[in-house]
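Trainee: Pasting a structure here, questions to come.
Every number in this text was worked out from the coordinates using simple rules, so none of it is lab data. Owing to the predicted nature of the structure, the values given are computational and were not obtained by experimental measurement. Note: ideal-geometry Cβ built from the backbone for every residue, glycine included; neighbour counts use all protein chains shown.
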Amino acid sequence: MNMDKEEETKLLKEAVRMWGTEAQLWMLIEESGELIKAVCKMHRASSDKHTAAVAFLDELVDVSVMIDQWKLEVGEERFNRARDLKMKRLKEKLFVYSEAHRTKPEMPWPMHFDLKEFM
């Protein structure tokens, strides 16, 4: 079911109106925790990588929906300004790192996997 932006916005606002901002904040916390758990399971997956990847994607989408609700609550313009600032900082960090090391950063723990391998 593909919704247009206006229909999606109405639905997200209705969810906040129906359950309230406090409940939706707790839901964001819950969904974020489930995403963390799914990432950990992908990290550990040895045999059933497909199931782990499907669970990861499902939880990623749940968190994305909650973030979309909160973008509306804080205001998309304000959210986007804050996001732009974070992206600028990331760009600066990558430049500084690449200038210092001239290599790709290594992960501090064995999280080296290609998500395509899981799908």
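Trainee: Taking the options 10, 37, name whichever one is within 16 Å of residue 72 (Cα to Cα), of a type outside the set (Ser, Thr, Tyr) and part of a helix (DSSP H, G or I).
Mentor: 10
Trainee: Oh, and also: Could you check segment 58-86 and list, in sequence order, the residues that are free of Cβ contacts under 8 Å to residues at least 40 places away in the same chain, within 23 Å of residue 9 (Cβ to Cβ), part of a helix (DSSP H, G or I) and not charged (D, E, K, R)?
Mentor: 60, 61, 63, 64, 67, 74, 79, 80, 82
Trainee: Next up: Which ones in segment 59-75 are surrounded by 13 or more Cβ atoms within 10 Å (Cβ to Cβ) and more than 10 Å from the chain's Cα centre (by Cα)?
Mentor: So the first thing to find is which residues in segment 59-75 are surrounded by 13 or more Cβ atoms within 10 Å (Cβ to Cβ), and the list is 59-60, 62-63, 65-73.
Passing the criteria: 68, 69, 70, 71, 72, 73.
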